[in-house]
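Enquirer: My questions will all concern the structure given below.
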Amino acid sequence: MKEYRPAEIEPKWQQYWLENKTFRTDDSDRVRQKYYVLDMFPYPSSSGLHVGHPEGYTATDILARYKRMKGFNVLHPIGWDAFGLPAEQYAIKTGTHPGVTTNNNVDGFRRQLQALGFSYDWDREVNTTDPAYYRWTQWIFLKLYEQGLAYEASVPVNWCPELGTVLANEEVIDGKSEVGGFPVERRPMRQWMLKITVYAERLLQDLDDLDWPESIKEMQRNWIGKSEGAHVVFPLKAGSADTGESIEVFTTRPDTLFGATYMVLAPEHPLVDRIATAEQKQAVDGYRETAARKTDLDRTDLNKDKTGVFTGAYAVNPVNNEEIPVWIADYVMMSYGTGAIMAVPGHDERDWEFARKYDLPIVEVVKGGDVTKEAYVDSEEGICVNSANDEVSINDLPVPEAKKVITTWLEKKELGRYAVTYKLRDWLFSRQRYWGEPFPVIHVDGQPKPLPEDHLPVTLPEMDDFEPTKTGEPPLAKAREWVNTTDPETGKPAVRETNTMPQWAGSCWYYLRYISPDYEKGPVDPELEKYWMPVDLYVGGAEHAVLHLLYARFWHKVLFDIGVVSTKEPFHRLVNQGMILGELEFTAYRDAGGNYISFDKNGMSDDFERVKLQEKDVEKRGDRFVIKDTDTVVDARSFKMSKSRGNVINPDDVVELYGADALRLYEMFMGPLEQVKPWSMQGVEGVYRFLKRVWRLIMDEETDGVNQAVARSVNSDGSPPVKPDRAQLKILHETIRKVTEDIEGHRFNTAISALMIFTNEAMKWEVRPVEVLKPFLLILSPFAPHLAEEMWERLGELTGVTAAAGTTTGSSTGVPQVPARTLAYEPWPAYEEALLKDDSKTYAVQVNGKVRGQVEVPADRAADKDFVLDAARNEPTVSRHLEKGRVVKEIFVPNRVINFVVK
RNA sequence: GCGAGAGUGGUGAAAUUGGUAGACACGCUAGAUUUAGGAUCUAGUGCCGAAAGGCGUGGGGGUUCGAGUCCCCCCUCUCGUACCA
């Protein structure tokens, strides 16, 4: 081998690491400081890795490798979230068992990840579809059941006929399934639910202590959706319904009670049947029927135009005894609050719109706006008016104060009480699918009954027909022999639960299984759990901001409450990698006549023809791009990678062309980890050239040995190696410092830049001392581990320092015993402050804030203000500007800048 | 609508507490070398200007000796969310 050939050195080291179990984590050592760095659980799809995967994985791998060299005990595992719809749909189409598809996909993913040189402990691989794994998923479900957190309910669910399954609210986007984009309708069904709502307050409160991106915390807060206000009871007017009936509402604005001029019930509200008057019955029933048939999509569509029907009934406003009409309208949701509202059109936009449409009265009870023109909704500045009865007045009070006063009064009169409401709803936890965890539940005499723990795992029956039934019954219902069983306690005939768990189940606790993947007595070994938890760093995409992360936090808290885990939160620090977009594209538009039309971001008609342009065909004009030598504006932007757009980059292709080290390095060099950034194949070439330069820094491309500049430093005559000079040590230690600090701060792009600066500099040296090159390879190794290992080995052979294979290093420090050939456990180089000092300091010299020159002064005089100012004044360009007036002020910032203020 | 984040060269991006804006890399220009190369090396490259100098971090104000960084107003983009009472 002469030139840099990643295709030769990369497989060599990947094989070495695997065979020697270089990255096996040592469980016995629980004294050393631990570092648990985790990648989000991948779903092994048939299409393999996309370039987004290696982005986060490289970041965590760099940290894992760095921390190992820093002496930490590092846990860096990977596994497979392998249940899920695609394998099942493929099975329906082709008859291939989902388990077969899954295994193939897992093998593909494993091969791809290993080809990228990630330092996972492959002995800890877990797979959610493995009965030995889902045994404990089922066990956790039993615990949830024991805690009263799992229950069956017949609830209107999102039924997707196309997929033949029920979807969680989170899996429905704009009335369509997130997977596949099929229509979704509402339909009542028996389902398993988990009472995540019981944990709403803790899930909210404990966010505060987490080192997570603020945006993610905010999304979770919004999802939990805590509102404070009051429940208020509105009795129904005597004679308009059965006596004693009343409507309870939740409001965040009890201060506007005096402005409630009508009420609205959700169409599904159980009270509607009983209170609708004979005259209104037909209209009400008609409306309810229409509403029931609406999908979520329809409801959203009708957003703009509110509809509703009067029930004929009247309620009594408890604060002023006024009789107000009760309507039904689908802008009120049964699923939030009490499913009923008091409408205050003066101070709520929706109520105002509705009142306008149906000509209902609008009363001003908070001063500050003009309620004849729009609802006045400010709840900070407003002052209450028209809000008094014989016993209480909140007139002249600011809104926050008024809320307290009126709530106290309501409580005293037993008309209402302070209340907190959450948007968060219980978690719909069953799916009508085959390829998921079976519930450890049987039904005896129609009642659900959990199976005893020693009956776990309940494994999936073998089947060849995975088609869902038309009725919505899960495919498992077809496995008659499996379904019909007996109650192990009573011997009575029993039927198994045929729903399966959603995909979230397995990913809710996988980070615990990695800790003790073979533990038999529970989901996790308690001793090891105490050592390894919490996860120190969790890296993954922001698409899991609410769902996975909220569910996992919920399960973790339950496990904490029953003593299975020792921390109340699973993931201490969370980082979201930004999406990688396709390459920048230039698109021009042409009309029917073939004339180019300027792009207008406010909407281009589909009639125009899109023409893809090359970079050389366009030029920048102001803040936009135009076709070269014309005024025709083109659309210049990057798009999300998608098969349909044809801009998908396959990591395998990149590895084949440039190698895994180049791919890793490029993905880190693109920009900050968290940022969205466009792909650029030319950028990959840039880092590839850097790696080739590193190769040539040490190797001779003619002889396939180390080059003369390196060989000279160790001397052929046996004399001691050449000592690095001061300048060489200085740049080395500057680089060590920069790279160390940047890795700690996750600034991988600037760390790589520092490595490049070092290499550019060192290439100029006629003698390249091994004592400088070796630490450089160590700090390069987390980023480009294959190249670093190879160069380390070559230098080791040169100096004879490398121990023969088979001997070990680090055993005295508790580091796992590994052959010394690898640099993976070499101590991370430390930098010496003394070597970073400059001989001289350069000051920028400004006159009236404008830079007019620089002065270089010896370092030992750099703090001497008079000396430096004098030198600055004598700088020719500076003195010329000083002559223009009189110096009225001199600013001296040590080691940085001087500013003369001249008048 | 609401919430969060972001606007810096032709491109991706750098820039301690306010202290020489554009490090590093791509691209481009010129040259060297090579049978050739998506190879390598040298020099240049924010804009205007021959130079002196001027102008420059989305736009407009302000604070300061000094602002990409701090304050106020506005614009644009991205992400999330959507009748949540």
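Enquirer: Do you know which of the residues in the stretch A:513-532 that are open to solvent by 10 Å² or more (accessible area, probe 1.4 Å) and acidic (Asp, Glu) is nearest to A:Arg24 (Cα to Cα)?
Expert: Only one residue tops the list, namely A:Asp518.
Enquirer: Quick one: A:Leu142 ticks every box in (1) farther than 25 Å from A:Trp555 by Cβ; (2) over 25 Å from the mean Cα position of the chain (by Cα); (3) crowded, with 18+ Cβ neighbours inside 10 Å; (4) hydrophobic (A, V, I, L, M, F, W, C) except a single one, so which number is it?
Expert: Condition not satisfied by A:Leu142: (1).
Enquirer: Got a number for residues in the stretch A:754-783 being outside any helix (DSSP H, G or I) and either surrounded by fewer than 23 Cβ atoms within 10 Å (Cβ to Cβ) or within 15 Å of RNA strand B (Cβ to nearest atom) (or both)?
Expert: Within the stretch A:754-783, residues that are outside any helix (DSSP H, G or I) and either surrounded by fewer than 23 Cβ atoms within 10 Å (Cβ to Cβ) or within 15 Å of RNA strand B (Cβ to nearest atom) (or both) number 8.
Enquirer: Any residue at all in the stretch A:370-382 that's at negative phi, surrounded by 19 or more Cβ atoms within 10 Å (Cβ to Cβ), of a type in the set (Gly, Ala, Ser) and at pLDDT 90 or above?
Expert: No, the conditions are met nowhere in the stretch A:370-382.
Enquirer: Further question on the same structure: Please work out which one of (1) assigned to a loop (DSSP other than H, G, I, E, B); (2) open to solvent by less than 80 Å² (accessible area, probe 1.4 Å); (3) more than 15 Å from RNA strand B (Cβ to nearest atom) is the condition A:Asp631 fails and give its number.
Expert: Only one criterion in (1) assigned to a loop (DSSP other than H, G, I, E, B); (2) open to solvent by less than 80 Å² (accessible area, probe 1.4 Å); (3) more than 15 Å from RNA strand B (Cβ to nearest atom) is unmet by A:Asp631, namely (2).
The rows are residues; the columns are (1) of a type outside the set (Gly, Ala, Ser); (2) at pLDDT below 90; (3) within 30 Å of A:Glu674 (Cα to Cα).
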position	(1), (2), (3)
A:Gln205	yes, no, yes
A:Gln220	yes, no, yes
A:Lys226	yes, no, yes
A:Ala230	no, no, no
A:Pro235	yes, no, no
A:Asp242	yes, yes, no
A:Phe250	yes, no, no
A:Ala260	no, no, no
A:Ala266	no, no, no
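Enquirer: Are any residues in the stretch A:348-364 more than 9 Å from RNA strand B (Cβ to nearest atom) and closer than 12 Å to A:Tyr376 by Cβ, and if so, which ones?
Expert: Result: A:Trp352, A:Ile362, A:Val363, A:Glu364.
Enquirer: Further question on the same structure: Just the residues that are hydrophobic (A, V, I, L, M, F, W, C), in a helix (DSSP H, G or I) and in contact with a Lys or Arg (Cβ under 7 Å, 6 or more places away or on another chain), please, taken from the stretch A:869-903.
Expert: A:Val878, A:Leu882
Enquirer: A further question follows. So which residues in the stretch A:818-844 are in a strand (DSSP E or B) and either small (Gly, Ala, Ser) or touching a Leu at 6+ places or on another chain (Cβ under 9 Å) (or both), if there are any at all?
Expert: Hits for the stretch A:818-844 are A:Ser840, A:Ala844.
Enquirer: Would you pick out the residues in the stretch A:498-512 that are in a helix (DSSP H, G or I) and open to solvent by less than 10 Å² (accessible area, probe 1.4 Å)?
Expert: Scanning the stretch A:498-512 gives A:Ala505, A:Gly506, A:Ser507, A:Tyr510, A:Tyr511, A:Leu512.
Enquirer: In the stretch A:674-729, what count of residues is obtained for those that are near RNA strand B (Cβ under 9 Å from one of its atoms), open to solvent by 20 Å² or more (accessible area, probe 1.4 Å) and part of a helix (DSSP H, G or I)?
Expert: 10
Enquirer: Taking the condition of being of a type outside the set (A, V, I, L, M, F, W, C), open to solvent by 10 Å² or more (accessible area, probe 1.4 Å) and at negative phi, how many residues in the stretch A:310-344 meet it?
Expert: The total comes to 11.
Enquirer: Something else about it: For the stretch A:179-203, give me the residue count where each residue is within 16 Å of RNA strand B (Cβ to nearest atom) and within 18 Å of A:Cys508 (Cα to Cα).
Expert: Residues in the stretch A:179-203 being within 16 Å of RNA strand B (Cβ to nearest atom) and within 18 Å of A:Cys508 (Cα to Cα): 4 in total.
Enquirer: Okay, next question. Can we say A:Asp623 is over 30 Å from A:Leu49 (Cα atoms), within 12 Å of RNA strand B (Cβ to nearest atom) and loosely packed, with under 13 Cβ neighbours inside 10 Å?
Expert: Here the answer is yes, as A:Asp623 does meet what is asked.
Enquirer: Could I ask something else about it? Looking at (1) more than 25 Å from A:Met193 (Cβ to Cβ); (2) in contact (Cβ under 8 Å) with a residue 40 or more places away in the chain; (3) surrounded by fewer than 21 Cβ atoms within 10 Å (Cβ to Cβ); (4) not small (Gly, Ala, Ser), find the lone condition where A:Pro450 falls short.
Expert: Answer for A:Pro450: the failing condition is (1).
Enquirer: What do you reckon, is A:Val363 of a type in the set (A, V, I, L, M) and either under 22 Å from A:Pro318 (Cβ atoms) or outside any loop (DSSP other than H, G, I, E, B) (or both)?
Expert: So A:Val363 fits the description; yes.
Enquirer: With the requirement that a residue be open to solvent by 10 Å² or more (accessible area, probe 1.4 Å) and part of a loop (DSSP other than H, G, I, E, B), what does the stretch A:478-497 give you?
Expert: Of everything in the stretch A:478-497, those that are open to solvent by 10 Å² or more (accessible area, probe 1.4 Å) and part of a loop (DSSP other than H, G, I, E, B) turn out to be A:Ala479, A:Pro488, A:Glu489, A:Thr490, A:Gly491, A:Lys492.
Enquirer: Somewhere in the stretch A:5-14, is a residue within 16 Å of RNA strand B (Cβ to nearest atom) and closer than 21 Å to A:Gly540 by Cα?
Expert: No - not one qualifying residue is present in the stretch A:5-14.
Enquirer: Checking the conditions here, which among A:Asp255, A:Asp273 is assigned to a helix (DSSP H, G or I) and buried (at least 23 other Cβ atoms within 10 Å of the Cβ)?
Expert: A:Asp255
Enquirer: Shifting gears a bit: Looking at A:Ile597, A:Ile580, can you tell me which residue is surrounded by 19 or more Cβ atoms within 10 Å (Cβ to Cβ), touching a Phe, Trp or Tyr at 6+ places or on another chain (Cβ under 6 Å) and of a type in the set (Val, Ile, Thr)?
Expert: Sole residue among the options that is surrounded by 19 or more Cβ atoms within 10 Å (Cβ to Cβ), touching a Phe, Trp or Tyr at 6+ places or on another chain (Cβ under 6 Å) and of a type in the set (Val, Ile, Thr): A:Ile580.
Enquirer: Follow-up. Report, by residue number, each residue of the stretch A:852-903 that is within 13 Å of RNA strand B (Cβ to nearest atom), open to solvent by 80 Å² or more (accessible area, probe 1.4 Å) and over 50 Å from the mean Cα position of the chain (by Cα).
Expert: Once the filter is applied, which keeps residues that are within 13 Å of RNA strand B (Cβ to nearest atom), open to solvent by 80 Å² or more (accessible area, probe 1.4 Å) and over 50 Å from the mean Cα position of the chain (by Cα), the stretch A:852-903 yields A:Pro876, A:Arg880, A:Glu883, A:Lys884, A:Lys889, A:Lys903.
Enquirer: Under 7 Å between Cβ atoms, which residue pairs at least 6 apart in sequence (or on different chains) link something in the stretch A:266-294 that is over 25 Å from A:Glu248 (Cβ atoms) with a partner that is modelled with pLDDT of 90 or more?
Expert: Pairs that qualify, where the first residue is over 25 Å from A:Glu248 (Cβ atoms) and the partner is modelled with pLDDT of 90 or more, are A:Glu279/A:Gly312.
Enquirer: Taking the criterion of being part of a strand (DSSP E or B) and within 16 Å of RNA strand B (Cβ to nearest atom), would at least one residue in the stretch A:143-152 satisfy it?
Expert: no
Enquirer: Do you know which of the residues in the stretch A:527-578 that are in a loop (DSSP other than H, G, I, E, B) and acidic (Asp, Glu) is farthest from A:Asp61 (Cα to Cα)?
Expert: Here the answer is A:Glu569.
Enquirer: Return yes or no: is A:Leu456 out of contact with any strand residue (DSSP E or B) (no Cβ under 7 Å at 6 or more places or on another chain) and open to solvent by less than 30 Å² (accessible area, probe 1.4 Å)?
Expert: yes
Enquirer: Filter the stretch A:821-851 down to the residues that are of a type in the set (Phe, Trp, Tyr) and within 11 Å of RNA strand B (Cβ to nearest atom) and list them by number.
Expert: A:Tyr843
Enquirer: Then there's this: Any residue in the stretch A:3-15 that is of a type in the set (Asp, Glu) and surrounded by fewer than 21 Cβ atoms within 10 Å (Cβ to Cβ)?
Expert: yes
Enquirer: Take the stretch A:409-447 and flag every residue that is assigned to a loop (DSSP other than H, G, I, E, B), more than 23 Å from A:Lys195 (Cβ to Cβ) and free of Cβ contacts under 8 Å to residues at least 12 places away in the same chain.
Expert: A:Glu414
Enquirer: Here's another thing I want to ask about it. For residues in the stretch A:642-673 being on the phi < 0 side of the Ramachandran plot and small (Gly, Ala, Ser), which is surrounded by the most Cβ atoms within 10 Å (Cβ to Cβ)?
Expert: Within the stretch A:642-673, the match that is surrounded by the most Cβ atoms within 10 Å (Cβ to Cβ) is A:Ala660.
The values are calculated or read from the model by the stated rules, or taken from the named source; none is laboratory data. Predicted model, so just to flag it, every value in this text is computed and none were measured. Every residue, glycine as well, gets a Cβ built from its backbone with ideal geometry; the counts of neighbours run over all protein chains shown. When the accessible area is computed, the model is the full protein with side chains, heavy atoms only, and any ligands, DNA or RNA have been set aside. Shrake-Rupley method; radii C 1.70, N 1.55, O 1.52, S 1.80 Å.
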